[in-house]
Each structure stands twice: as structure tokens, then as C-alpha cells.
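**Student:** Below you will find the structure I want to go over with you.
Rule-based calculations on the coordinates, nothing more; no lab input. Owing to the predicted nature of the structure, the values given are computational and were not obtained by experimental measurement. Cβ placement follows ideal geometry from the backbone for every residue including glycine, while neighbour counts extend to all protein chains displayed.
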């Protein structure tokens, strides 16, 4: 079974703090993704990566950056957290360009106060 | 501009009956569609998918139908069980092989 793990289930940070969300997958997947889920808005793609050190912006990249130094790990960085970044953050991975199915981690509920 | 639409935020059905969840899309470049199920405090899990070259795909109690001319797909669950109660997301893929576009989700409640 594919396992995608996220470093924290719940996180509370203050406005202006730098926040790191970590995601690790154990199936040697090429592609990794970060989404946020908000009520009434569904899942929105923030960034994705199709190879180590490669990244592309998704639909809502503003206020976020990412890092992929190793194939199994994909980090989402909030440079200066704001209250409108309070959300559920979901990491996902998929095998490669031929595989459409994405496997999701359990999510991190981030609250910015 | 919402390219994948799930117009029903919620649906309630009785155990044993059929659940039908609907999804519409606007982008004709989409050529692969997926359904995900999400329980509270968990990540979405893949349920079933369909390629645009097919009009039906079945997996146990779950069947997805695709009507390309209407740009509409639906997920049928028969018979519905209380454990099916969850949020269901429709997702579409096209153009880029990496990026899924999700709908806003439909909360299904199956009453015992």
C-alpha cells in the first residue's frame, strides 16, 4: 500500500511566522502535490512537483513556496503566515506521467491566529 | 471559472437505496475522470475512474457513467450503506498529465 504521511495533523501558528509542512511518500512516486481544502471551495492545487528540484505553480500559489530536495519528500512553506491561510492542507503523490490516480496523506489542519 | 461543478452540496438517502452523485465539467480537454471519497479528518481516497473513451465503468457497488456530449458524469452507489457516508469529490484530468481539477464535493449521508 502507498503511504503518504504528513508531519503534523494539527498546527497552530501566529501571524507572520514561517511555517513548514512536511510530506513524505514511501512508494518512489515521481509526482507530488500540495492542496488546500476549504469549506465550499473543494480542493485547490497550490504547487506540484514532477521531479526532484522541479516545481510548478498550481492554481493558488500566492503566499506559498515549496521544496523538493529528495524524491520522497515535498515541503510546503508559508513564508509569513496569515489568517487567510488557515485551512486543511493535503499532500498527494502519483507514480509518474502515466498514472492519474493520486494518493493523499491524512492532512494537516493549520490554524493561524 | 469553475471547470468541474458538483451542484449538490449534500445528498441524503436511505440504506439499501441507490445514491446518485452528479458532476458537470466545462473543459472539453478533460479526458479522464476520477471520484474520491473523503471522511472527516482523513485524506481523500480514490474510488473509481473513467476514461473519456468509455461511457461506463463498474467496480462492485460503484458505477461511474460518462456522457461526453453533455459533459456530465455521475457516480451510482447500489446498495448504499451507512459506511458510504462521506464527502465525494469529482476530479478531471486533461492537457497536463499532472494536474487534477476537483469539484467542491457532495456530502452523502446514508441513513440506517
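**Student:** Using a Gaussian network model of chain B whose springs link C-alpha atoms within less than 10 Å, name the residue from B:83, B:94, B:60 with the highest mean-square fluctuation.
**Tutor:** The residue with the greatest mean-square fluctuation here is B:60.
**Student:** Have a look at A:48, A:20, A:74 and tell me which one the Gaussian network model of chain A (Cα, springs below 10 Å) gives the largest fluctuation.
**Tutor:** Looking only at A:48, A:20, A:74, the biggest GNM fluctuation is shown by A:20.
**Student:** While we're looking at this one, here's another question. Between segment A:69-113 and segment A:35-67, what's the alpha-carbon centroid distance in Å?
**Tutor:** 7 Å
**Student:** While we're here: Would you order A:43, A:11, B:66 from fewest to most other beta-carbon atoms within 10 Å of each residue's own beta-carbon? Kindly include the intermediate steps, with their values, before the conclusion.
**Tutor:** Numbers: A:43 26, A:11 17, B:66 20.
Ordered from fewest to most neighbouring Cβ atoms within 10 Å, A:43, A:11, B:66 come out as A:11, B:66, A:43.
**Student:** Could you tell me the relative contact order of chain A? Use alpha-carbon pairs under 8 Å, at least six residues apart, and round to a whole percent. The partial results should precede the final answer.
**Tutor:** Numbers: 300 pairs, mean separation 40.9, N = 113.
Across chain A, relative contact order equals 36 percent.
**Student:** If you take each beta carbon of peptide B:43-54 and count the beta carbons of other chains within 10 angstrom, what is the mean?
**Tutor:** 3
**Student:** Still on this structure, I have one more. Rank the residues B:56, B:37, A:55, A:71 as a footprinting-exposure proxy: fewest other Cβ atoms within 10 Å of their Cβ go first.
**Tutor:** Values: B:56 10, B:37 21, A:55 18, A:71 15.
Final ranking by Cβ density, sparse to dense: B:56, A:71, A:55, B:37.
**Student:** So what is the relative contact order for chain B, in percent, with contacts set as C-alpha pairs under 8 Å and at least six apart? Don't skip to the end; give the middle numbers.
**Tutor:** Values: 273 pairs, mean separation 41.2, N = 112.
Relative contact order comes out at 37 percent.
**Student:** Could you put B:51, B:69 in order, starting from the residue whose Cβ has the fewest other Cβ atoms within 10 Å? Show your work: numbers first, answer last.
**Tutor:** Details: B:51 13, B:69 5.
The order, fewest Cβ neighbours first, is B:69, B:51.
**Student:** Work out the FRET efficiency for residue B:3 and residue A:10 from their Cβ-Cβ distance, taking R0 = 41 Å, and round it to the nearest 0.05. Please report the intermediate quantities before stating the final value.
**Tutor:** On the way: r = 32 Å, r/R0 = 0.77.
Working from the Cβ atoms, E equals 0.80.
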